[in-house]
Amino acid sequence: MKSTVITLDGPAGSGKSSVAKELARRLGMLHADSGGIYRTFTLALMRRLGPCPSHEAFGEALSQSSISPESLEVSILTDGTHQYNLIRGQDQADEIRSPDVTSRIRYVADRPVFREAVNALLRGMTNVVADGRDMGSVVFPNASYKYYLEASVDIRAARRAAENEARGWKEDLGEIKESIRKRDEEDEKREYGALIRTPDMILIDTGPLNLEGVIGRILNSLQIKF
Ligand code: DC
């Protein structure tokens, strides 16, 4: 049977991940969280490379190494709706969301060898709602339904601050805004797998909408297409 794929792309904090998770739950599909896989490779590399005083030092250490993605023993376990990100068989649910991991991801996401490893894991999943930066453009170009979610930097920063607080991390709002702007630039300028909106993606501005509002828009458009 053909696998149904719904892709949600967009910048950091646009709400993709919460929307993808809830949409997948309602449709009885698997939520494929591509950012979670980049985060897991990044954490595995941080452990392999040992302590680095800054993200720049991590980037430098990575560029001088020849660590293969396979040697990091990153794997994905799924139960039909949820994706578990494992390193050597251990679930890494919380640590992969830390600000230290977030600041180092770009060095990993910029390298084609790691992008290919992430893409291979994603393409092994069926009946998915996949969220990320290049889901509809690169990983699942033939997806049945494609969406692009966006929101202003201010709104996205406020959301990230609330998420951090829920996890017990404190980060200054100004710093979050700055890091979101930087991440937008990195995501848009990346040589491979850059964040782009292709003409076949339906655009949703999540700024004025709550989670239910975004889900409603998507479900309506799915019904029209079915
Ligand atoms: O969605 P997120 O914030 O968890 O993603 C973390 C980072 O991973 C993001 O800043 C860039 C990278 N990423 C990527 O390069 N391509 C994707 N499809 C998803 C994430």
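Of the residues making up the range 35-56, one or more are closer than 30 Å to Thr198 by Cβ and touching a Pro at 6+ places or on another chain (Cβ under 8 Å). For the range 30-38, the criterion of being modelled with pLDDT of 95 or more, touching a helix residue (DSSP H, G or I) at 6+ places or on another chain (Cβ under 6 Å), within 16 Å of the ligand (Cβ to nearest atom) and part of a loop (DSSP other than H, G, I, E, B) is met by no residue.
Yes or no: the range 202-216 includes at least one residue that is within 11 Å of the ligand (Cβ to nearest atom), within 22 Å of Tyr145 (Cβ to Cβ) and not aromatic (Phe, Trp, Tyr). No, the range 202-216 contains no residue that is within 11 Å of the ligand (Cβ to nearest atom), within 22 Å of Tyr145 (Cβ to Cβ) and not aromatic (Phe, Trp, Tyr). On the stretch given as the range 14-29, residues that are within 14 Å of the ligand (Cβ to nearest atom) and open to solvent by 10 Å² or more (accessible area, probe 1.4 Å) total 5. Applying the selection to the range 197-226, what residues are within 18 Å of Pro141 (Cα to Cα) and outside any helix (DSSP H, G or I)? Across the range 197-226, the qualifying residues are Arg197, Thr198, Pro199, Asp200, Met201, Ile202, Leu203. In the set Glu60, Glu73, Glu56, only one residue is closer than 16 Å to Val118 by Cβ, open to solvent by 50 Å² or more (accessible area, probe 1.4 Å) and away from the ligand (no atom under 13 Å from the Cβ); that residue is Glu73. Looking only at residues of the range 169-226 that are open to solvent by less than 80 Å² (accessible area, probe 1.4 Å) and charged (D, E, K, R), we find that the one that is farthest from the chain's Cα centre (by Cα) is Glu171.
The values are calculated or read from the model by the stated rules, or taken from the named source; none is laboratory data. The structure displayed is predicted, hence computed values, not measured ones. All Cβ positions, glycine included, derive from the backbone under ideal geometry; neighbour counts span all protein chains shown. Surface accessibility is based on the protein's heavy atoms, side chains included, excluding ligands, DNA and RNA. Shrake-Rupley method; radii C 1.70, N 1.55, O 1.52, S 1.80 Å.
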